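Accompanying notes for the structure given below.
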Amino acid sequence: MALDIDWVRGQFPAFSEPSLQDQAFFENAGGSYTARPVIERLTRFYTQRKVQPYGPYEASRLGGEEMNEARARLAAMLGVATDELSFGPSTTQNTYVLAQAFRQFMQPGEAIVVTNQDHEANSGPWRRLEADGIEIREWRVDPATGHLDPAGLDALLDEKVRLVVFPHVSNIVGEINDVAAITALAHAAGAFVCVDGVSYAPHGLPDVGMMGPDIYLFSAYKTYGPHQGIMVIRRALGDLLPNQAHHFNAGPLYKRFTPAGPDHAQVAASAGMADYLEALSAHHGGPKAGAGAARHAHDLMRAHESTQLQPLLDYLSARNSVRLIGPTDAAARAPTVAVELAGPGAAAAAELAGQGIMAEGGNFYGQRPLEAMRIDPDKGVLRLSFVHYTAAAEVDRLIAALDRVL
């Protein structure tokens with residue numbers, strides 16, 4: 001069933017906001033619009049439940065129940081146990097805390113494999129462990145395409161490697177890495193796996209349980225929700241790693257790696273993400289709840305995005321004046337499209353802004369992949385990113401604007 005784009009856009013108040021009219025939004029990789037159920041839940045929490053949760057009185061009890069609801073429903077959609085999902089202030093912060101846990105867990109001389117395709121949030125914290133005697137091995141991209149070849153990982157794996165860290169999708173390259181296959185390769189060598197899913201999850205929540213990584217990270221504010229980092233840690237690994245929270249929170253798995261107290265309202269509002277995905281599935285004839293609804297919503301999103309993305313990729317591929325980074329086949333990538341221009345990406349973004357196109361230019365915390373592909377991070381790239389609520393007419397408008405700017 002084709003995505004009902006009018007219904008979808010009706011679920012996002014931004015599309016009826018007067019100040020945003022005549023603006024086409026193409027910087028979704030930096031943060032998506034927020035779905036109505038999330039806004040409604042956040043408003044309700046701040047007006048009716050803004051007390052310390054989990055107490056015996058009604059407002060407190062209901063606040064705690066809403067926080068539990070968010071964790072349980074999102075965990076089910078991701079195919080993991082409820083206590084394997086936790087919230088933190090951001091994915092960057094969650095990754096930093098995990099790196100500290102591994103610093104205590106690992107022995108000098110043991111190794112971690114990182115990539116030069118990652119956003120710095122899933123690269124820098126692990127690389128810093130080198131100062132503690134941990135060997136850092138770099139799985140490198142093809143400098144022409146940005147592709148991560150699994151054969152390159154295979155050559156780095158041995159009995160010393162305890163962890164392999166890589167992105168589901170790079171926020172620069174856009175290619176979808178085969179998480180299940182890479183995870184199987186790492187597990188066969190005795191290593192744990194940490195996946196940065198920030199640039200994939202907005203395009204449909206993945207079945208983390210089926211793919212098999214030990215850690216999966218993404219950001220709710222890029223997935224139609226509030227500003228929270230969402231972290232899956234499978235129990236087999238979580239029970240091994242040292243507790244990073246208060247000593248009295250060492251027991252519950254979902255508390256062990258969140259040293260700061262949770263943002264009660266934002267955690268509760270994250271249940272609105274599940275509300276939206278279930279409504280999306282049900283409206284299009286799919287399951288009304290749980291993992292089935294998430295899978296149906298995922299497939300609807302990906303099909304719509306691929307259809308809208310291919311014309312943009314074809315247009316950019318045909319222009320000799322730009323370098324399109326990543327695959328030219330929409331089925332192989334997310335609709336996060338970076339292009340190298342003759343001049344700074346930020347300058348082109350400024351010109352597009354004058355034509356009602358909201359996009360960005362820069363390095364997007366992706367200095368390492370840019371340098372690997374011989375692109376000056378100071379010059380950066382123009383990045384054009386969208387999600388399933390982007391209409392075909394907006395892509396046409398973008399291409400017309402690019403024609404004038406380029």
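Take the conditions modelled with pLDDT of 95 or more, within 19 Å of E69 (Cα to Cα) and open to solvent by less than 10 Å² (accessible area, probe 1.4 Å) and apply them to A289. Does it pass? No, not satisfied. For region 262-282, the criterion of a residue being at pLDDT below 95 and either part of a helix (DSSP H, G or I) or buried (at least 16 other Cβ atoms within 10 Å of the Cβ) (or both) is satisfied by at least one position. Of the residues in region 196-205, at least one is in contact with an Asp or Glu (Cβ under 9 Å, 6 or more places away or on another chain) and on the phi < 0 side of the Ramachandran plot. Meeting the requirement of 1 or more residues that are acidic (D, E), the helices (runs of 4 or more DSSP H) wholly within region 14-127 are 36-48, 58-78. Consider G204 carefully, then state whether it is within 22 Å of A293 (Cβ to Cβ) and open to solvent by less than 10 Å² (accessible area, probe 1.4 Å). Against the criterion (within 22 Å of A293 (Cβ to Cβ) and open to solvent by less than 10 Å² (accessible area, probe 1.4 Å)), G204 qualifies.
Among the residues of region 10-22, how many are under 24 Å from the mean Cα position of the chain (by Cα) and surrounded by fewer than 16 Cβ atoms within 10 Å (Cβ to Cβ)? Number satisfying all stated conditions: 2. Here is the figure for region 22-64: residues that are in contact with a helix residue (DSSP H, G or I) (Cβ under 9 Å, 6 or more places away or on another chain) and more than 26 Å from S199 (Cα to Cα) total 16. Pick out the one residue from D149, D154, D118, D178 that is within 26 Å of M373 (Cα to Cα), of a type outside the set (A, V, I, L, M, F, W, C), out of contact with any Lys or Arg (no Cβ under 6 Å at 6 or more places or on another chain) and open to solvent by less than 10 Å² (accessible area, probe 1.4 Å). Only one candidate passes the filter, namely D118.
The values are calculated or read from the model by the stated rules, or taken from the named source; none is laboratory data. The structure presented is a predicted model; accordingly, all values stated were derived computationally and were not measured. Counting neighbours? That spans all protein chains shown, and the Cβs are built from the backbone with ideal geometry, glycine included. In case anyone asks, the SASA skips ligands and DNA or RNA and just uses the protein heavy atoms, side chains included. Shrake-Rupley method; radii C 1.70, N 1.55, O 1.52, S 1.80 Å.
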